[in-house]
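Since every read-out is calculated from the coordinates, none of them should be taken as a lab result. Source: prediction; values computed, not measured. Every residue, glycine as well, gets a Cβ built from its backbone with ideal geometry; the counts of neighbours run over all protein chains shown.
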Number of protein chains: 2
Amino acid sequence: MKLTTKGRYAVTAMLDLALHDTDGPITLADIARRQDISLYYLEQLFTKLRKHGLVESSRGPGGGYRLAILASDITVARVIYSVDESIDVTRCGGQQNCQGELRCLTHDLWMELNRHVSEFLNKITLAEIIQRHMVRQVSKRQELLVSQIQLADINLRMKSSAP
Amino acid sequence: MKLTTKGRYAVTAMLDLALHDTDGPITLADIARRQDISLYYLEQLFTKLRKHGLVESSRGPGGGYRLAILASDITVARVIYSVDESIDVTRCGGQQNCQGELRCLTHDLWMELNRHVSEFLNKITLAEIIQRHMVRQVSKRQELLVSQIQLADINLRMKSSAP
DNA sequence: TAATACTTGACTAAATTAGTCTGTTATGTA
DNA sequence: TACATAACAGACTAATTTAGTCAAGTATTA
């Protein structure tokens with residue numbers, strides 16, 4: 001299966017967006033700070049997510065991204081698919097041409113694994129993750145941390161500009 | 001998850017070995033021919049499989065590899081693990097240090113997916129695959145194909161060595 | 001008009017994978 | 001004993017992928 005940090009970052013960022021969706025448009029800079037992801041990298045990912053209709057953007061000051069559809073309609077599979085092409089574990093993509101033009105010995109095995117993984121990722125939505133997991137605690141911690149850093153940053157600037 | 005052709009090749013080769021285990025030691029050259037895998041590459045994989053106790057080898061003419069344990073005791077997970085380090089989908093390997101020293105927002109999600117995949121791959125053995133899937137038909141086709149090629153090869157040599 | 005924030009697309013570095021090659025050692029057979 | 005076979009070991013390379021960076025825009029709001 002093709003599950004790299006790209007897909008993981010995308011899901012993480014989308015989850016962040018879902019958690020803060022009520023606060024109006026969220027900038028990528030915010031997400032980058034909170035989730036420790038390069039802003040440049042996020043830009044790449046969100047271009048794809050937008051093209052796949054998962055988020056919508058607004059430019060200019062006060063702008064940012066919001067979910068384009070309900071968090072309960074966004075499955076993890078959809079997010080990964082949007083940035084990562086596929087969640088396929090076979091070599092042939094189900095085409096049965098894994099050995100020359102024919103199916104290889106393990107074709108059925110990988111297809112079956114595919115079904116399992118797809119089922120799991122297609123079933124679970126962002127909304128469910130937020131409810132089910134310890135996501136909210138983690139999120140709180142992240143917000144706290146970011147605001148502390150910003151506070152420290154302000155203090156630092158005041159000191160350095162002071163004398 | 002780290003599921004590359006390396007892991008797939010290993011499972012395929014082990015399945016080939018399991019299918020032909022009654023024929024005495026099987027050479028890697030045979031497996032290479034039947035499964036379209038580079039002999040050199042197979043050598044690498046089987047070194048690891050041997051070190052993990054899945055196969056045993058005998059050298060010299062008539063030598064080759066055999067399963068070191070019952071096919072019903074060899075799970076796919078074990079094979080993949082032997083050549084491929086892990087079937088882990090998380091970044092932190094369950095260590096919860098995916099964001100700095102703490103767990104990232106999606107930690108639980110990947111852990112859950114991990115459980116699903118591991119459960120599937122840990123449950124299914126080579127023996128089961130042989131029984132369940134269309135493996136035997138595919139295997140027959142492969143043997144037939146190889147013997148045809150060998151036959152054609154012999155014909156070719158006879159022609160070329162004839163004046 | 002100035003600052004903000006998305007948009008586009010090219011570019012690079014690092015890591016991983018897949019595959020190749022050279023040579024060595026052990027063993028059965030003629 | 002010589003020879004062929006086949007495993008064993010490990011270095012090496014090429015190709016691909018991934019992760020990340022950057023520069024130059026455009027649109028929007030205050």
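Tabulated values for the structure
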| quantity | calculated |
| --- | --- |
| Two-site FRET efficiency, A:Asp23 against B:Leu144, from Cβ-Cβ distance with R₀ of 56 Å, rounded to 0.05 | 0.30 |
| The range B:52-66 - phi-based ³J(HN,Hα) in whole Hz, Karplus 6.51/-1.76/1.60, Gly and Pro as x | 8, x, 8, 10, 10, 10, 9, 8, x, x, x, x, x, 10, 9 |
| Sparse-neighbourhood loop sites, trypsin sites (Lys or Arg not before Pro) in the range A:1-77 - DSSP loop, at most 12 other Cβ within 10 angstrom | A:Arg59 |
| Of the GluC sites (Glu not before Pro) in the range B:1-89, those whose Cβ has at most 12 other Cβ within 10 Å and which sit in DSSP loop | B:Glu85 |
| Positive minus negative residues near A:Ser57 (Lys, Arg vs Asp, Glu; Cβ under 9 Å) | +2 |
